[in-house]
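> Please find one structure pasted underneath; my questions will follow.
The values are calculated or read from the model by the stated rules, or taken from the named source; none is laboratory data. These figures come from a predicted structure and were not determined experimentally. Cβ placement follows ideal geometry from the backbone for every residue including glycine, while neighbour counts extend to all protein chains displayed.
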Amino acid sequence: MECCNQKVSMISRIRNLTNRKDAHKVEQNAQKKIALIGNPNVGKSVIFNSLTGAYVTVSNYPGTTVEVSRGRYTYGNSKLEVIDTPGMYSMIPITEEERVTRNLLINERPDLVLHIIDAKNINRMLPLTLQLIEAGFQVVLVLNIMDEAKALGIEINCRELQKILGIPVLEASAALNKGLNEIRKTIEEQIKDAA
Ligand SMILES: Nc1nc2c(ncn2[C@@H]2O[C@H](COP(=O)(O)OP(=O)(O)O)[C@@H](O)[C@H]2O)c(=O)[nH]1
Ligand SMILES: [Mg+2]
């Protein structure tokens with residue numbers, strides 16, 4: 001874990017030396033974007049629906065038959081675009097869905113990435129969190145399906161995980177409407193920091 005810790009802190013130092021935001025922003029005042037990323041069946045769409053409500057468009061990603069949903073998230077006077085992406089296991093794509101999500105991340109460079117994982121399987125899912133951090137994204141990790149994890153006796157030391165990764169880590173049971181206020185609060189705090 002120490003080695004992983006050092007790696008993450010080195011990456012964040014390198015990230016601070018580069019000016020990636022300016023390099024990728026087409027418009028200075030473009031609407032900020034949040035992408036929901038994660039394996040299939042981790043609750044991305046449940047969280048997307050709760051964040052966006054009525055204003056949602058679903059379209060095929062250009063040149064593919066893979067659907068991507070986009071919606072609006074409003075707070076105060078600010079509006080964000082939220083993107084519900086096709087399931088992804090790794091930044092190195094095997095399926096067409098993964099290729100779409102990888103391309104979307106590269107081409108649209110979201111200001112914030114919510115990596116949503118199933119709390120029952122964090123060991124299998126954390127490598128993608130590291131890949132997203134390594135790729136320079138501002139990441140928030142959501143440990144969803146906590147209700148089932150707890151029922152199985154799985155306990156996760158969120159504080160320690162947060163310290164090791166250097167990013168916010170939240171617990172949620174989105175289908176039971178738990179943890180969503182905390183997700184909203186964290187999005188609003190984090191998006192302010194996204195220059
Ligand atoms: N028990 C439980 N089920 C959940 C939770 N979040 C989502 N689900 C269920 O998991 C399934 C997949 O959710 P969905 O949002 O479609 O996942 P996606 O493939 O990541 O978009 C659905 O049946 C949801 O109702 C949760 O926190 N707890
Ligand atoms: Mg979905």
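> Would you point out which residue out of E98, E81 is within 16 Å of ligand 2 (Cβ to nearest atom) and either part of a strand (DSSP E or B) or of a type outside the set (K, R) (or both)?
E98
> Related question: Step by step: first the residues of the stretch 154-179, then only those that are within 16 Å of ligand 2 (Cβ to nearest atom) and buried (at least 16 other Cβ atoms within 10 Å of the Cβ), then the one that is farthest from N49 (Cα to Cα). Which residue is that?
A172
> Working carefully through the options D118, D84, find the one that is acidic (D, E), crowded, with 17+ Cβ neighbours inside 10 Å and under 20 Å from C158 (Cα atoms).
Just a single option satisfies the conditions, and that option is D118.
> Further question: Might you let me know whether the stretch 165-177 holds any residue that is touching a Lys or Arg at 6+ places or on another chain (Cβ under 7 Å), more than 18 Å from I34 (Cβ to Cβ), within 16 Å of ligand 1 (Cβ to nearest atom) and among the charged types (D, E, K, R)?
no
> Hey, another quick one. Mind listing just one residue for me: the one in the stretch 30-81 that is without any contact (Cβ under 8 Å) to a residue 40 or more places away in the chain and among the aromatic types (F, W, Y) and, of those, surrounded by the most Cβ atoms within 10 Å (Cβ to Cβ)?
The residue in question is F48.
Quick grid of which residues meet (1) of a type in the set (K, R); (2) farther than 21 Å from R72 by Cβ; (3) in contact with a helix residue (DSSP H, G or I) (Cβ under 7 Å, 6 or more places away or on another chain):
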| site | (1), (2), (3) |
| --- | --- |
| L128 | no, yes, no |
| E148 | no, yes, yes |
| R159 | yes, yes, no |
| S173 | no, yes, yes |
| K178 | yes, yes, no |
| E182 | no, no, no |
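> A further question on this structure: Give me a count of the residues in the stretch 138-184 that are in contact (Cβ under 8 Å) with a residue 24 or more places away in the chain, closer than 15 Å to I47 by Cβ and among the acidic types (D, E).
Number satisfying all stated conditions: 2.
> Determine whether the stretch 56-78 contains at least one residue that is away from ligand 2 (no atom under 13 Å from the Cβ), more than 15 Å from Q138 (Cβ to Cβ) and modelled with pLDDT under 80.
No, because not a single residue in the stretch 56-78 is away from ligand 2 (no atom under 13 Å from the Cβ), more than 15 Å from Q138 (Cβ to Cβ) and modelled with pLDDT under 80.
> If you take the residues of the stretch 14-49 that are out of contact with any helix residue (DSSP H, G or I) (no Cβ under 7 Å at 6 or more places or on another chain) and at pLDDT 95 or above, which of them is nearest to ligand 2 (Cβ to nearest atom)? Can you show your working first?
Looking only at the stretch 14-49, we keep the residues that are out of contact with any helix residue (DSSP H, G or I) (no Cβ under 7 Å at 6 or more places or on another chain), and these are 14-31, 40-42, 44-45, 48-49.
Subset that is at pLDDT 95 or above: 40-42, 44-45, 48-49.
Values: P40: 7, N41: 8, V42: 9, K44: 5, S45: 3, F48: 7, N49: 9 Å.
Among those residues, the one meeting the criterion is S45.
> If Y89 satisfies every condition in (1) more than 16 Å from ligand 2 (Cβ to nearest atom); (2) in a loop (DSSP other than H, G, I, E, B); (3) touching a residue at least 40 places away in the same chain (Cβ under 8 Å) but one, which is the exception?
Checking Y89 against (1) more than 16 Å from ligand 2 (Cβ to nearest atom); (2) in a loop (DSSP other than H, G, I, E, B); (3) touching a residue at least 40 places away in the same chain (Cβ under 8 Å), the one that fails is (1).
> Return yes when D193 is of a type in the set (D, E), over 25 Å from P62 (Cα atoms) and within 13 Å of ligand 1 (Cβ to nearest atom) and no when it is not. Show your work before the answer.
Details: of a type in the set (D, E): yes; over 25 Å from P62 (Cα atoms): yes; within 13 Å of ligand 1 (Cβ to nearest atom): no.
Against the criterion (of a type in the set (D, E), over 25 Å from P62 (Cα atoms) and within 13 Å of ligand 1 (Cβ to nearest atom)), D193 does not qualify.
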